[in-house]
Amino acid sequence: MSPLDSESPADSNSPAVSDTIWVRHNRIDLAIHHLTNGSDPTHRPLLLLHGLGERTPDEVPPSVRWPGPVYGLDFTGHGQSTIPVGGGYTSEILVGDVDASLEELGEVTILGRGLGAYIGLLIAAARPQQVMGVVMSDGPGLVGGGIHPGSPSVPFPAPWASNTPDPFALLELARDVRPPDYAQTYVRFVLESSKLEKALMVCAVARPEWLAAVAAEPGVGQGTVDEALQFYAGF
């Protein structure tokens with residue numbers, strides 16, 4: 001079972017909450033879902049970043065064990081967040097989504113699934129003092145568009161496919177090019193600036209070329225999602 005696939009709460013002693021925080025960013029209303037306070041509401045929050053075409057789960061999955069609050073961000077064009085007119089999706093746009101969320105939440109640990117794993121890497125490089133660890137796990141959008149640019153044509157989605165996820169998001173983000181050396185540059189930014197000895201943990205079974213390059217970098221940890229979360233929960 002993937003770490004973000006479930007409808008059951010992670011801990012029966014940690015009451016679920018259904019609050020949604022709305023953050024305005026570049027004419028987009030971003031939905032940040034407060035899923036639980038955890039057993040220690042004063043602990044640093046865990047921020048869930050979903051895969052391509054997904055949304056924040058309704059409850060914290062049972063495989064996600066975290067002592068503090070857990071939040072989930074719906075990326076632009078996904079879940080309850082705004083669908084922009086005409087597409088224009090890039091990884092950088094989604095990094096901006098997370099950056100706006102950090103303004104609201106402060107210091108967090110990130111659990112990224114699929115596309116969310118890649119975005120987690122990028123935001124950790126941009127905000128190394130606020131991102132206390134990124135756990136990168138399997139999920140939709142992990143591969144991206146490979147290491148070389150593909151066709152420049154953009155198919156027009158069917159007019160009836162108007163509900164989230166935005167079809168433009170599925171088309172454009174699935175073609176996002178991820179050269180291994182590009183990813184490695186971000187890894188080095190993270191490792192040079194983070195307060196943690198191991199600021200990145202690769203927990204995905206699938207290893208597209210960019211992620212294999214990340215995992216091969218000295219200082220990047222590997223293990224299960226549970227092991228990674230326990231590691232970061234200790235800080």
Check: Which residue pairs have Cβ atoms under 9 Å apart, sit 6 or more places apart or on different chains, and have a first residue in the stretch 174-190 that is more than 21 Å from residue 52 (Cα to Cα) and a second that is surrounded by fewer than 20 Cβ atoms within 10 Å (Cβ to Cβ) and of a type in the set (D, E, K, R)?
Finding: 184/217; 187/217; 188/217
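What about residue 11, is it surrounded by 15 or more Cβ atoms within 10 Å (Cβ to Cβ) and modelled with pLDDT under 65? Outline the logic, then answer.
Working: surrounded by 15 or more Cβ atoms within 10 Å (Cβ to Cβ): yes; modelled with pLDDT under 65: yes.
So residue 11 fits the description; yes.
Return the only residue of 19, 99, 29, 5 being under 18 Å from the mean Cα position of the chain (by Cα), at pLDDT below 95, surrounded by fewer than 17 Cβ atoms within 10 Å (Cβ to Cβ) and not β-branched (Val, Ile, Thr). I'd like the intermediate steps shown before the answer.
Values: 19 fails: under 18 Å from the mean Cα position of the chain (by Cα); 99 fails: at pLDDT below 95; 29 fails: at pLDDT below 95.
Exactly one of 19, 99, 29, 5 is under 18 Å from the mean Cα position of the chain (by Cα), at pLDDT below 95, surrounded by fewer than 17 Cβ atoms within 10 Å (Cβ to Cβ) and not β-branched (Val, Ile, Thr), namely 5.
So that you can scan it fast, the table gives a plain yes or no per residue for (1) under 17 Å from residue 230 (Cα atoms); (2) surrounded by 22 or more Cβ atoms within 10 Å (Cβ to Cβ):
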residue	(1), (2)
34	no, no
40	yes, no
60	yes, yes
64	yes, yes
70	yes, yes
Margin query: Contact list please: Cβ distance under 7 Å, first residue in the stretch 200-216 and free of Cβ contacts under 8 Å to residues at least 60 places away in the same chain and hydrophobic (A, V, I, L, M, F, W, C), second residue surrounded by fewer than 18 Cβ atoms within 10 Å (Cβ to Cβ) and not in a helix (DSSP H, G or I), pairs at least six apart or on different chains.
Written below: 215/207; 215/222
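Residues in the stretch 215-234: is at least one assigned to a helix (DSSP H, G or I), touching a Ser or Thr at 6+ places or on another chain (Cβ under 6 Å) and modelled with pLDDT of 95 or more?
The answer is yes; a qualifying residue exists.
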Checklist line | Candidates 175, 207, filtered to the one that is over 26 Å from residue 107 (Cβ atoms), assigned to a loop (DSSP other than H, G, I, E, B) and at pLDDT below 95 | finding: 175
Check: Which one of these is surrounded by 16 or more Cβ atoms within 10 Å (Cβ to Cβ) and in contact with a Pro (Cβ under 9 Å, 6 or more places away or on another chain): 225, 220, 177?
Finding: 225
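The values are calculated or read from the model by the stated rules, or taken from the named source; none is laboratory data. Computed from a predicted structure; not experimentally measured. All Cβ positions, glycine included, derive from the backbone under ideal geometry; neighbour counts span all protein chains shown.
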